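Student: The structure under discussion is supplied below as structure tokens; questions concerning it will follow.
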Amino acid sequence: MNRQQFRRARGRAAPRYCRDVGESRASSSGRRPLAVGDVVVRYCAWLGEWTGAQVLATAGQTVEVVDLDWSSPVEPRSVAELGELVPLMDPRGRHDRARPAQLNVPRELPRSFTVLGAAAQLDLPRCHSYGSWSLTCGFLLDEARRQRAGASQWPWLVRCDHADLDHRVGSGRRDDILALHLFRVGETDCAEIAGRFPKLVQLVLAGCGDQFQPYSGPDHGVLRNVSALNGLHDLEVLRFEHVYGMTAADLPQPDSLRRLDSLTMTGIPADFAQAVRSAWRPLVKSGVALSVRQARSKEWLAEHVRTA
């Protein structure tokens, strides 16, 4: 996490974030603010089960949560169904310095999460690490269980340059790939992506080489048939970075992507950016994290992107 992402997670960059996206914060969204003791659950595609976490503290625009060492194939209806709350020990730490899997995350609860109810707060020391909700409720639990079983880490995730994709996963259909992060995409057909990886939960398409480095040009990509991504009905996270070629007609549709709770667009055509804002801004109050920045005009595209 770079400095800007760290500051935004803590809430310092909230005013700028609101201006970029044109959305309200959770305090005015009509959703009940998270409170200490709340237990939240969500369905985790990596595990194929429901997972949970508890809110330990609130501070400004962030809340501190701890993952629970619990999962179930059946959606719980009450906190009692979870039994005794047991914190998950962070699988990324040293075995001789075991610590709970705690994290400070934005206070806005994504719409794929549900507040199950309140329970007695787990007595744990404060945490000073910051991140996103995507790292809670299943991500670390999956890693911990794979470690215990001696299995490979994150077999459902592919992260590579587009030119290396066939080498990594072959050229056929892969239903087992749930997260695809492609960089230096060049010219990419999104219909091919949707056809090869129909079960995607996360999709990142970036023209640049590393999502943590600022755009410095001339790295960019051109996407074709972006509307085909509306067939990825399990998608929860969609991110475009410095990619062009799409128009307002290629809009990711809210009625098709009903599970999407994180939509990030940086460096995209201006008409496409406006269409995304208009379609998705009303869903911010329902728990969709929306960020649309660096919309590029036709003049900019004509000068910098020959094939857009």
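The values are calculated or read from the model by the stated rules, or taken from the named source; none is laboratory data. Since the structure is predicted, the reported quantities are computational estimates derived from the model, not experimental observations. Quick reminder, even Gly has a Cβ in these numbers, built from the backbone with ideal geometry, and neighbours come from all protein chains shown. When the accessible area is computed, the model is the full protein with side chains, heavy atoms only, and any ligands, DNA or RNA have been set aside. Shrake-Rupley method; radii C 1.70, N 1.55, O 1.52, S 1.80 Å.
Student: Rg/Rh for region 100-188 to two decimals, with Rh computed the Kirkwood way over all alpha-carbon pairs. Can you show the working numbers first?
Tutor: Working: Rg = 17.5 Å, Rh = 16.5 Å.
Rg/Rh: 1.06.
Student: With r as the distance between the Cβ atoms of ARG293 and ALA118 and R0 = 35 Å, compute the FRET efficiency 1/(1 + (r/R0)^6) and round to 0.05. Display every interim value, and only then the final one.
Tutor: Numbers: r = 37 Å, r/R0 = 1.04.
Efficiency, rounded to the nearest 0.05: 0.45.
Student: If eta is 0.890 mPa s and T is 25 °C, what Stokes-Einstein diffusion coefficient results for region 247-308, Kirkwood Rh from Cα pairs, in µm²/s? Could you put the intermediate results ahead of the total?
Tutor: Numbers: Rh = 12.3 Å.
Taking Rh from Cα pairs, D becomes 199 µm²/s.
Student: Quick one: if you stick a label point 7 Å off each Cα along the C-beta vector at ALA249 and VAL169, how many nm between them?
Tutor: 2.8 nm
Student: Roughly speaking, to the nearest percent, how much of region 95-192's 1.4 Å accessible area is carbon and sulfur?
Tutor: Solvent-exposed carbon and sulfur of region 95-192 make up 48 percent of the total.
Student: Under a 1.4 angstrom probe, counting protein chains only, how are PHE139, PHE240 ranked by accessible area, largest first?
Tutor: Descending accessible area places them as PHE139, PHE240.
Student: Of the heavy-atom accessible surface of region 206-295 (probe 1.4 angstrom), what whole percent is carbon and sulfur?
Tutor: 47 percent
Student: Starting from the Cα of GLU192, step 7 Å along the direction of its Cβ; do the same at SER129; then give the gap between the two resulting points in nm.
Tutor: 3.8 nm
Student: For region 239-308, with every protein chain kept in place, what is the accessible area per residue (1.4 Å probe, Å²)?
Tutor: 45 Å²
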